[in-house]
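The values are calculated or read from the model by the stated rules, or taken from the named source; none is laboratory data. No experiment lies behind these values; they were computed from the predicted model shown. Cβ: placed from backbone, ideal geometry, glycine included. Neighbour counts: every protein chain shown. These accessible areas exclude ligands, DNA and RNA; they are computed on the full protein's heavy atoms, side chains included. Shrake-Rupley method; radii C 1.70, N 1.55, O 1.52, S 1.80 Å.
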Amino acid sequence: MIKALLIAPYNGLAQAIKQLDIPEDFELETKVANLEEAIYLAKEAENQGYDLIISRGGTASLVEVNISIPVVHIDITGYDMLRVFTLIQGAQNTVAFIGFENICRGARTLNDILDYDVKMFTIHQRDEVRLLLNNLKKENYEIVIGDVVTVEEAQKVGLRGFLITSGKEAIFDAFDEARRTYNMFQKVSYKTNQYLQILKSIPADIVIINQQHNILLTNLSSEKERIINKMLRDKKLDENIREALLLNKKRWVSMNWEDGYLELQLFPIADGNTKMVGIHFCSYKRQDEPVALRMITNMTHRPIIGNSAYSKNIKRKIDAFSNTNDNLFISGEYGTGKMAIAQSIHFQKFENNYPLFVLNCEIMHSNDLSILKDRWNTIQKGTIIFEHIDSLSATNQKLLIELFHQSPESIQLIFLSKSKAPSLLEEKHILLSLIEKIDPVFFHTQPLRNRKEDIEAFISYYLSQFHTEFGNESLGIRPDALKILTHLEWPGNLVELKKTMRELSIHAVGYYIETEDVNDVLNEETMKKEDSPYDKGFYIPPGLTLEEMEQKMIQKVLEEEQDNQTRTAKRLGMNRTTLWRKLNDK
């Protein structure tokens with residue numbers, strides 16, 4: 001049964017409906033209304049579950065743009081034209097016919113065939129009617145043929161109006177069209193409901209929005225929908241949505257939100273002139289939850305600092321690695337820039353067009369690998385960095401090998417480790433089968449003590465960075481002060497150098513860091529522990545052997561970990577047996 005509301009723009013149409021035998025498959029209600037009043041009735045009918053609206057002329061067109069259920073037009077037929085022309089037959093005064101082109105076209109043909117003297121006037125917009133009628137009155141027209149609005153306006157300016165009424169032929173044609181429209185709409189609705197149920201059943205959390213950021217469709221939980229609703233007003237997300245639409249490309253967004261960390265994927269949806277964006281709610285972690293897998297987006301170029309042969313070699317390596325899909329194994333001491341090199345390779349290769357994921361193997365669990373697998377299925381290209389790969393348990397290494405069988409070739413894998421692969425294999429920190437599976441290109445970073453000619457360039461870079469970020473006034477360093485810093489061994493490498501320069505930039509009172517500033521900051525570090533001035537901090541006096549410096553570092557970490565050898569071994573990147581041996585060899 002088709003539940004339909006027929007909105008008659010004039011009373012005569014409603015009366016004509018009453019005299020007809022309504023088709024048995026229709027449950028029809030008829031009301032008389034025109035234009036704005038018709039919109040109210042149509043919206044009410046939509047809310048009450050009507051299947052479609054039937055109306056005529058401008059009323060049907062106005063209703064159509066204000067509701068989402070189908071609107072069937074009662075067209076003006078040749079019979080309707082013939083009836084109105086018969087009514088004005090024999091008129092002694094000049095007759096004008098006013099209508100849109102689709103109406104005038106048929107009327108003009110019938111007028112020519114019957115050889116009537118009716119003048120045709122085509123309008124393109126409704127607000128042209130009043131001006132046209134006033135001009136016709138000045139030209140001594142007395143009779144006007146048109147639709148409901150035209151006839152009403154004609155009577156207001158003192159002209160006689162003849163309404164083009166709809167006969168039973170047009171009404172029955174409308175019933176036939178309504179039946180076809182209903183059947184088609186039912187099929188579309190059935191498919192739409194199928195797609196909606198599929199969307200709601202998809203394990204991934206997805207929301208579809210329009211350009212105005214209104215939610216059109218979602219399968220999110222109420223908590224995640226609340227988060228997304230608030231986030232849609234966020235400037236950073238808005239910029240990424242606009243960019244996804246503008247470039248018609250997927251975007252990946254990571255951001256801190258309220259008390260958690262969010263990862264989102266944006267994908268544009270084109271539907272003719274309508275633009276929409278899908279938001280894939282990849283993950284949400286509360287701040288108190290450890291995040292092993294994180295996504296880095298909106299990266300910027302990170303320059304390789306220094307003019308040493310080693311720095312120039314890094315730049316060449318980055319250029320080479322960014323032009324290949326080979327997996328990489330980057331080893332080196334803490335603070336030697338392994339992550340910076342990996343990120344530079346990604347940025348030079350993909351910029352921000354594809355995502356970069358970092359998996360911290362120190363804190364990961366087996367379920368993080370399942371999350372990683374989902375990311376692989378989501379992205380087309382990108383980079384995954386495995387940080388602290390030497391801390392991964394043998395069990396998780398085996399799971400990782402299984403996962404690599406499904407890894408797309410378009411995703412580059414980069415592994416970071418404190419130790420070189422041969423020593424990891426010798427001490428059984430990493431499985432030979434894992435190295436064989438990833439088949440990486442190996443690259444080892446140098447500690448800062450082996451590239452001291454780059455220290456001055458790093459100091460200049462850090463001071464410039466602090467000046468921009470914090471407004472520090474220090475712009476340079478005196479040669480004697482630089483000489484002191486250059487002679488240090490920097491066991492903490494670039495991390496320690498940056499920390500020291502941050503303290504010096506705060507301590508210095510002028511534009512240049514003086515020798516006194518360096519001595520003060522280094523003395524503060526050495527005086528933090530009363531019984532041994534050099535046990536605290538990274539400062540280690542020159543003249544010690546490598547073994548002696550290693551013992552200093554071990555004792556410092558052991559003290560910080562309150563003599564817990566398991567935690568100390570983990571921080572130092574060695575197993576507990578190796579730590580015990582080194583402690584007993586001193």
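Here are the numbers for this structure:
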quantity	calculated
Set of lysines with alpha-carbon distance to Lys437 below 19 Å, sequence-local pairs under 8 removed	Lys373, Lys398, Lys420, Lys428
Inter-probe distance in nm under a simple model that places probes 7 Å from Cα toward Cβ, at Met549 and Lys3	8.3
Gyration tensor verdict on the range 70-169 (Cα atoms; rounded if a/c is under 1.5, prolate if a/b is larger than b/c, oblate otherwise)	oblate
For Ile2, residues with placed amide H under 5 Å, excluding near neighbours	Phe26, Glu27
Near-label residues of the range 92-108 by backbone N, under 12 Å of a point 7 Å along Cα→Cβ of His124	101
Under 5 Å, built H, 5+ apart or other chain: amide partners of His444	Ser331
Accessible carbon and sulfur surface of the chain relative to its total accessible area, %, 1.4 Å	49
Total formal charge among the other residues, if their Cβ is under 9 angstrom from that of Ser166, Lys/Arg +1 and Asp/Glu -1	-1
Packing-based order for 154-165, 185-196, using average beta carbon neighbours within 10 Å, highest first	154-165, 185-196
For peptides 101-114, 403-416, sequence by mean Cβ density within 10 Å, most packed first	403-416, 101-114
Cα gyration tensor category, rounded, prolate or oblate, for the range 293-446 with a/c compared to 1.5	oblate
Distance in nm between pseudo-label sites at Ser68 and Asn135 (7 Å out along the Cβ direction from Cα)	4.3
Amide H within-cut-off set for Ser283, under 5 Å, with H built and near neighbours excluded	Glu263
Heavy-atom accessible area per residue - the chain, 1.4 Å, Å²	53
From phi via Karplus (6.51, -1.76, 1.60), per-residue ³J(HN,Hα) for the range 255-270 in Hz, x at Gly/Pro	7, 7, 9, 6, 10, x, 10, 10, 10, 10, 10, 9, 9, x, 10, 9
Whole-number percent relative contact order across the chain, with pairs defined as alpha carbons under 8 Å at least 6 apart	8
For peptides 333-342, 41-50, 296-305, sequence by mean Cβ density within 10 Å, most packed first	333-342, 41-50, 296-305
Pairwise label distance in nanometres, Ala309 with Thr566, each label 7 Å out on the Cα-Cβ vector	4.7
For the chain: rounded, prolate or oblate by the Cα gyration tensor [a/c cutoff 1.5]	prolate
Degrees, to the nearest 10: 101-114 long Cα axis against longest axis of the chain	20
Per-residue ³J(HN,Hα) for the range 21-28, Karplus 6.51 cos²θ - 1.76 cosθ + 1.60, θ = phi - 60°, Hz, x for Gly and Pro	7, 6, x, 5, 8, 10, 9, 10
Between the range 26-79 and the range 153-183, the alpha-carbon center distance in angstrom	12
Calculated FRET value between Thr94 and Asp238, using beta carbons and R₀ = 45 Å, to 0.05	0.15
Set of aspartates and glutamates near Lys235 by C-alpha distance (under 17 Å), chain-local residues within fewer than 8 positions excluded	Glu243, Glu258, Glu263
Length added when fully stretched, Asn377-Glu24, from 0.36 nm per residue minus Cα-Cα	121.8 nm
³J(HN,Hα), Karplus 6.51/-1.76/1.60, whole Hz, each residue of the range 66-71, x for Gly, Pro	10, 9, 9, 7, x, 10
Cα-Cα over 19 Å, subset of Lys191/Lys275; Lys224/Lys285; Lys249/Lys338; Lys315/Lys338	Lys191/Lys275; Lys249/Lys338
